[in-house]
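The structure appears right after this line, and notes come after that.
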Amino acid sequence: MRDAPVAAVPGAFPRRYALPLLCAGVVLLTSCGTSAGGEGEDGGLPGVPMGVTAEAGSATTVHVMWNALDGAEAYEVYRGGTLVKKVPKSERMLDVTRLRPSTAYAFTVRARDADGRLGPRSREVRATTPAAVTDASAPTRPEGARGRAAGDRAVQLTWSAAKDDRKVVSYDVYQGDTKVHSVGGAQTATVVTGLRPGTRYSFTVRARDAADNLSPASAVVRLATAGSDDGRASAPTALRADSHLADGAYYLDLTWVPPRTDGTVTEYQIHLDGRPATSLVYGADAPRDRAEYSFYAGREAGVTHRVRIRARLADGTWGGFSEERKVTLGAGG
């Protein structure tokens, strides 16, 4: 049974859900890999994750990243033969913490599909944590942050090296408030991939030293990816709209197929007659194959409404609208 979605306006409520309502909220998920790979050669197991990298983030952390893999529902990150953590498909990065200073580590990544089948391990990547230091001073703010679109699904960012009384070990890149990328302390440029065409993004950079001290954020770099996004690839499909009468009032009944995009869609916005009518947020077990929702529409029969729906995507932006449907309250009994 799925968690019930949350209605954001009074009078809207889910139909055919019996679990308690959850608190509304938005989770911003981002990615730092590009789509690659697919199913295994036998058409069954997930393929091998590609583009795996490991970079020390401090004396006790290593940042592991990999590219997206078609058909993966989750990824498992291993340190040697030990599972570190399983992450959802929308998160193609992991900070492995509680490591030892001055120690070499090896990491691999495996993909898991919707049926729970686990694919082969990626190639092994290695990273060595720097020596531990006693340091209470954070690095200076990275200055001169700037960027440019690198095609329709990536941006290139550059910045000036930060200063530290010891040494800058790594730079963390944030999209909004979410860390999406990390590079070594000797780098002052990177490419963030896995973005959407024709979409605006905001990035900042922070420097990190071996003692895990973080610098203030750089100036915000605002960029728009090239190309255009007509929304069709990110729009809910197969929208159906009907109505039912309950306790003297009419309710609109919607069903749709969630868009096939990065990450599980947990938030939707419903537009009625061209204006936002209600938003809903699902819990962790959001529907993936088919979703349904009902909300209050009024007490007068014969009124015709136009309805459409869109999803908030893993990168925090709204996807395209579904096809618009018309429904007349009370029509058909």
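Observations
- Taking each residue of segment 304-333 that is surrounded by 15 or more Cβ atoms within 10 Å (Cβ to Cβ) and at pLDDT below 90 and looking for partners that are part of a loop (DSSP other than H, G, I, E, B) and among the basic types (K, R) with beta-carbon atoms closer than 8 Å, six or more apart or interchain, yields L313/R196; D315/R196; T317/R196.
- Scanning segment 205-223 for any residue that is under 13 Å from G57 (Cα atoms) and touching a Leu at 6+ places or on another chain (Cβ under 7 Å) turns up at least one such residue.
- One residue from A127, A145 being at negative phi, in the same structural domain as V48 (by TED's automatic domain parsing) and surrounded by 13 or more Cβ atoms within 10 Å (Cβ to Cβ): A127
- Given (1) small (G, A, S); (2) at negative phi; (3) surrounded by 14 or more Cβ atoms within 10 Å (Cβ to Cβ), index of the condition G151 fails: (2)
- In segment 74-97, the residues that are in a loop (DSSP other than H, G, I, E, B) and surrounded by 17 or more Cβ atoms within 10 Å (Cβ to Cβ): K89, S90, E91, R92
- Single unsatisfied condition, P236 versus (1) at negative phi; (2) surrounded by fewer than 20 Cβ atoms within 10 Å (Cβ to Cβ); (3) modelled with pLDDT of 90 or more: (2)
Every residue, every condition in (1) touching a strand residue (DSSP E or B) at 6+ places or on another chain (Cβ under 6 Å); (2) assigned to a loop (DSSP other than H, G, I, E, B), yes or no:
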| residue | (1), (2) |
| --- | --- |
| T108 | yes, no |
| A111 | yes, no |
| R121 | yes, yes |
| A161 | no, yes |
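- Here T60 fulfils each of the conditions (1) surrounded by 18 or more Cβ atoms within 10 Å (Cβ to Cβ); (2) under 25 Å from the mean Cα position of the chain (by Cα); (3) in a loop (DSSP other than H, G, I, E, B) apart from (2).
- Residues of segment 204-225 that turn out to be under 13 Å from V155 (Cα atoms) and either modelled with pLDDT of 95 or more or surrounded by fewer than 15 Cβ atoms within 10 Å (Cβ to Cβ) (or both), as a count: 4
- Considering segment 129-159, and only residues there that are more than 28 Å from the chain's Cα centre (by Cα) and either part of a strand (DSSP E or B) or not hydroxyl-bearing (S, T, Y) (or both), the residue that is modelled with the highest pLDDT turns out to be P139.
- Extreme residue, farthest from T328 (Cα to Cα), among residues of segment 273-285 that are surrounded by fewer than 18 Cβ atoms within 10 Å (Cβ to Cβ) and either in contact (Cβ under 8 Å) with a residue 24 or more places away in the chain or of a type in the set (A, V, I, L, M) (or both): A284
The values are calculated or read from the model by the stated rules, or taken from the named source; none is laboratory data. In this text the structure is predicted, and so the values were computed from the model without any measurement. Note that we place each Cβ from the backbone using ideal geometry, even for glycine, and neighbour counts take in every protein chain shown.
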